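Structure, as structure tokens:
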Amino acid sequence: MDKRFVKTKILFVLPIQSPYLTERLKKLASYSDIEIVLLLESAELANRPGWRPQPIPGVVVEVWQSLILSNHRMYPDLGYEIKGMRSVPWRLPLALWRHRPSVVVVCNATQLLFSLPLKPFLGYKIYLTVEDTPHSIRNKSTIVKFFKTFVYRQADLFLAYSEMATEFLSKIVAQNRVRRTSWSVDLKWFKPDQKIKDDFKEKLGVSDQVIFLFAGALIPGKGVMPLLRGWAKLTSAERNKSILLVAGTGSQELEAKAYVELHSMKEINFLGHLSYSDMRAAFIGCDIFVLPTLQDLFSLVVLEAMACGCPVLTTPYNGASELIEKGETGWLFDVANEESICDALRQAIKHRNELVYMEEKARERVSEMDNDIVMRKLAEILQESVK
């Protein structure tokens with residue numbers, strides 16, 4: 001058979017299927033010379049409510065249940081803990097034997113480790129998607145760092161999802177094995193819309209106040225309490241010119257609401273969990289998106305907000321901070337410093353007349369991060385090994 005007509009079989013291994021992944025793989029599957037298998041380690045996870053396997057046109061979706069363990073990590077330098085899940089994909093070798101892909105795309109060291117035994121026999125290449133940042137590994141022990149580096153180096157190619165990930169990889173592997181890619185969204189869905197913006201403000205009863213929006217889990221790692229403490233340092237005049245919307249739920253919800261009530265901050269409204277559609281309307285309707293995260297490999301909500309024309313306030317601990325240009329697309333602040341948080345909020349209020357300009361710059365900054373563009377480039381990278 002003519003090699004030009006042989007499809008490249010790509011097997012993606014992921015802990016769970018997210019709505020973002022579904023849209024991205026739908027685009028990737030549209031290329032006729034690629035065959036895609038999505039292998040999920042779990043049908044659902046407790047920390048990802050609503051994320052379940054969904055059919056994707058042109059993609060074989062399978063759930064090979066892994067062993068799911070709780071995983072708690074301490075970050076004493078910033079005083080927080082991340083409670084999450086870690087999966088052990090013990091059935092992965094069976095899936096690889098069954099599907100015999102040309103390329104296996106894994107997203108962590110454990111998946112990579114379980115992909116290695118059959119590699120010499122089946123001849124596939126292993127591509128590792130990397131979101132690690134210098135911040136995400138700063139509190140890991142020397143032994144853990146050594147082991148992770150050793151395992152990472154077994155991959156054939158690395159897909160770096162941020163500049164911080166590229167920086168991390170530059171210290172452990174040759175740069176000719178690294179390819180820069182990125183997260184992406186549907187820019188035809190996430191886009192400015194004046195009617196939605198006007199309706200959103202009318203529903204809130206807002207006329208000329210600056211609308212700040214926080215969206216995320218109300219947990220220590222997302223920095224909601226430091227944000228509220230920074231907000232409390234604004235003057236009464238500044239708070240009268242602003243409102244803060246808090247979208248999300250989590251372990252700190254009651255603490256956050258009690259703090260707001262204690263300090264009589266009536267300009268702060270808790271929205272609870274928002275649907276995907278309502279979240280988009282909130283991005284379009286607000287003036288500034290705030291994410292005071294203490295650690296995020298790459299916050300996709302930052303990309304979604306900017307696509308909707310919303311400038312962003314976030315921290316250097318966020319891989320998406322590379323999208324922020326001071327006074328152009330937003331501001332960065334130190335979440336460990338309440339004065340720094342307050343100053344960033346104050347800058348946004350002070351420059352409210354420039355927000356229209358910043359909205360345009362925010363949208364412009366992410367104009368190349370559309371699903372169509374990013375997945376076309378990824379398709380080219382994935383086929384490198386079979387050319």
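Residues that are assigned to a helix (DSSP H, G or I) and either of a type in the set (A, V, I, L, M) or in contact with a His (Cβ under 6 Å, 6 or more places away or on another chain) (or both) within the stretch 268-282 comprise 279, 281, 282, listed in sequence order.
Does residue 39 satisfy the condition of being modelled with pLDDT of 90 or more, crowded, with 18+ Cβ neighbours inside 10 Å and not in a strand (DSSP E or B)? Spell out the reasoning first.
Working: modelled with pLDDT of 90 or more: yes; crowded, with 18+ Cβ neighbours inside 10 Å: yes; not in a strand (DSSP E or B): no.
It is false that residue 39 is modelled with pLDDT of 90 or more, crowded, with 18+ Cβ neighbours inside 10 Å and not in a strand (DSSP E or B).
Would you pick out the residues in the stretch 123-156 that are of a type outside the set (A, V, I, L, M), touching a strand residue (DSSP E or B) at 6+ places or on another chain (Cβ under 7 Å), within 26 Å of residue 335 (Cα to Cα) and not in a loop (DSSP other than H, G, I, E, B)? The answer is none; no residue qualifies. Of 187, 169, 159, 113, all but one fail to be outside any loop (DSSP other than H, G, I, E, B), within 25 Å of residue 27 (Cα to Cα) and among the aliphatic types (A, V, I, L, M); the exception is 159. Looking at residue 23, is it at pLDDT below 95 and assigned to a helix (DSSP H, G or I)? Against the criterion (at pLDDT below 95 and assigned to a helix (DSSP H, G or I)), residue 23 qualifies. Of the helices (runs of 4 or more DSSP H) lying entirely inside the stretch 308-387, those carrying at least 1 residues that are surrounded by fewer than 16 Cβ atoms within 10 Å (Cβ to Cβ) and aromatic (Phe, Trp, Tyr) are 355-365.
If you go through the stretch 324-364 and keep only what is among the basic types (Lys, Arg) and in contact with a strand residue (DSSP E or B) (Cβ under 6 Å, 6 or more places away or on another chain), you end up with just 352.
For the stretch 333-357, filtering for residues that are touching a helix residue (DSSP H, G or I) at 6+ places or on another chain (Cβ under 9 Å) and under 11 Å from residue 311 (Cα atoms) leaves 2. The number of residues in the stretch 283-300 being under 18 Å from the mean Cα position of the chain (by Cα) and not in a strand (DSSP E or B) comes to 9.
Residue by residue, here is whether (1) within 30 Å of residue 259 (Cβ to Cβ); (2) exposed (fewer than 15 other Cβ atoms within 10 Å of the Cβ); (3) in contact with a Ser or Thr (Cβ under 9 Å, 6 or more places away or on another chain) holds:
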residue: 153; (1), (2), (3): no, yes, no
residue: 158; (1), (2), (3): no, no, yes
residue: 165; (1), (2), (3): no, no, yes
residue: 184; (1), (2), (3): no, no, no
residue: 188; (1), (2), (3): no, yes, no
residue: 210; (1), (2), (3): yes, no, yes
residue: 214; (1), (2), (3): yes, no, no
residue: 222; (1), (2), (3): yes, no, yes
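The values are calculated or read from the model by the stated rules, or taken from the named source; none is laboratory data. In this text, all values refer to a predicted model and were calculated from it rather than measured experimentally. Reconstructed Cβ throughout: ideal geometry from the backbone, glycine too, with neighbour counts over all protein chains shown.
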